[in-house]
Amino acid sequence: MTAKTPRPKADPLDLAGIDDLLSPEEKAVRAAVRQVCDTSIDPYVADWFESGELPVVRELAKELGSLGLLGMHLEGYGCAGMSAVDYGLACLELEASDSGIRSLVSVQGSLAMYAIWRFGTEEHKQQWLPRMASGDAIGCFGLTEPDHGSDPAGMRTRARRDGADWVLDGSKMWITNGSVSDVAVVWAETEEGVRGFVVPTDTPGFTAHTIKHKMSLRASVTSELVLDGVRLPADAVFPEVRGLRGPLSCLNEARYGIVWGAMGAARSAFRTALAYAGERAQFGRPIGGFQLTQAKLADMAVELTNGTLLAMHLGRRKDAVGLRPEQVSLGKLNNVSKALEICRTARTILGANGISLEYPVIRHMNNLESVLTYEGTPEMHTLIIGQALTGQDAFR
Ligand code: TGC
Ligand code: FAD
């Protein structure tokens, strides 16, 4: 650049120029996801949130499936086989629309499909993965129970042998996609430790009840699963994996997507607050002209940049050598907490309008309260990092 070349105008949503770290192919993936968000999600999502329903869940699943977004980082069986960074970029764009829609995709691809892809038999994979990749079948992942959330080791759901069959009894709570699922991956205690089961949801004894009265993740189906003498054939179980290693391996995948996704919700709130600060005038000038507002906006831009860079680093590392659980925890802990702070600050900049669903800010803020809790609370991720740092287990 010569001294006379004018400096290109700064992109307020990417002050550090993180975009330059993306290849043209990665930018194309991002643009394709943004387009479907712009046309099929953004015009409707505030209404879905307000009504607490996702009436088009099946159509949406098929549309997302046709774009290759379901199980997009898995190879074979109709899955797109994309990179971790591609998957992260998709999560970011989806969550810029709504955390509930990113959750639909995360639970389908990173939890239910990943569990079957990683631990299932060839028959499980053939039966479920192509239909799940296309969005023709929806899956859920049942780990949490009413009395066992952070500590799944205490789960009470039991699977016992009855002749060649398995019989499952128990319940799972707060299960995303539960009442719209065709298949549930259910983790249950057996005589040999925790094992995973592939449960078609039309199996007698399986029921799912939608949880109402949520003030967060309202554009997402959340359910209680009841397993009352659910009889499954011998081959319904994941053959090899035993113990919590099974479900926790799947959580690594979904938590990774959240590292990116949270920055999408933050970006949307920041963009809204920045525009509002430029238009809203008080005391005879735009509120963006006051130092206190600028300090808020600058802090938000710094945290958005830091979080997106961390996501990018973890994505590149995942593609190159894989991630250790504490590296995923670092990203989930930081990015969700910072995204929530960004949304709360954005809400203050919007004043009274900040509490209205006319703007996306309070929707993102409320959604992130769920994202903070699910896939491991901040306390769990703090303790996972603490364990990695000190070698001491402080969970119990
Ligand atoms: P611990 O004794 O540490 O470990 C048991 C076994 O698991 C292995 N392990 C892991 N393996 C893979 N990935 C990880 N991240 C792993 N962490 C541990 C470990 O090596 C051991 O293996 P082995 O072979 O020696 O038996 O287990 P613990 O009982 O002390 O628990 C550890 C703790 C607290 C970190 C874990 O329980 C935990 O992460 N709790 C949080 C529960 C949670 O996050 N639930 C999420 C449910 S799903 C969900 O929320 C979906 S939200 C919807 C959406 O994603 O959009
Ligand atoms: P608890 O474990 O009871 O924790 C309550 C509080 O105590 C938290 O602040 C926690 O950090 C703290 N705490 C617990 N233990 C300790 C400790 N040792 N030290 C310090 N603090 C501690 N689960 C699924 O299996 N599948 C899903 O699809 C799914 N989807 C979800 C969707 C939504 C909208 C929500 C809200 C939850 C979903 N969950 C799902 C459940 C989620 O994973 C759990 O809510 C989460 O793991 C926390 O469990 P809990 O709610 O029982 O809280």
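Here are some notes:
- Test: TRP174 is open to solvent by less than 10 Å² (accessible area, probe 1.4 Å) and either assigned to a strand (DSSP E or B) or within 12 Å of ligand 1 (Cβ to nearest atom) (or both): no
- Region 66-82, subset in contact (Cβ under 8 Å) with a residue 40 or more places away in the chain and open to solvent by less than 10 Å² (accessible area, probe 1.4 Å), residue farthest from the chain's Cα centre (by Cα): LEU74
- Of all residues in region 151-169, exactly one satisfies the criterion of being within 16 Å of ligand 1 (Cβ to nearest atom), without any contact (Cβ under 8 Å) to a residue 60 or more places away in the chain and not in a loop (DSSP other than H, G, I, E, B), namely GLY154.
- Cross-chain or 6+ apart pairs with Cβ under 8 Å, region 272-297 first and without any contact (Cβ under 8 Å) to a residue 60 or more places away in the chain and open to solvent by less than 60 Å² (accessible area, probe 1.4 Å), then of a type in the set (Gly, Ala, Ser) and not in a helix (DSSP H, G or I): none
- Within region 246-283, tally of residues that are within 16 Å of ligand 2 (Cβ to nearest atom) and not β-branched (Val, Ile, Thr): 15
- Residues in region 194-215 that are within 16 Å of ligand 1 (Cβ to nearest atom), open to solvent by 20 Å² or more (accessible area, probe 1.4 Å) and not β-branched (Val, Ile, Thr): ALA208, LYS214.
- Hits in region 85-97 (condition: within 10 Å of CYS37 (Cβ to Cβ) and in contact with a Lys or Arg (Cβ under 7 Å, 6 or more places away or on another chain)): GLU93, LEU94, GLU95, ALA96
- Counting only helices (runs of 4 or more DSSP H) wholly contained in region 286-396, the ones carrying 2 or more residues that are away from ligand 1 (no atom under 16 Å from the Cβ) and of a type in the set (A, V, I, L, M, F, W, C) occupy 291-320, 325-349, 361-373.
The values are calculated or read from the model by the stated rules, or taken from the named source; none is laboratory data. Not measured: the values here are computed from a predicted model. Note that we place each Cβ from the backbone using ideal geometry, even for glycine, and neighbour counts take in every protein chain shown. Note: areas computed on protein heavy atoms with side chains; ligands, DNA, RNA excluded. Shrake-Rupley method; radii C 1.70, N 1.55, O 1.52, S 1.80 Å.
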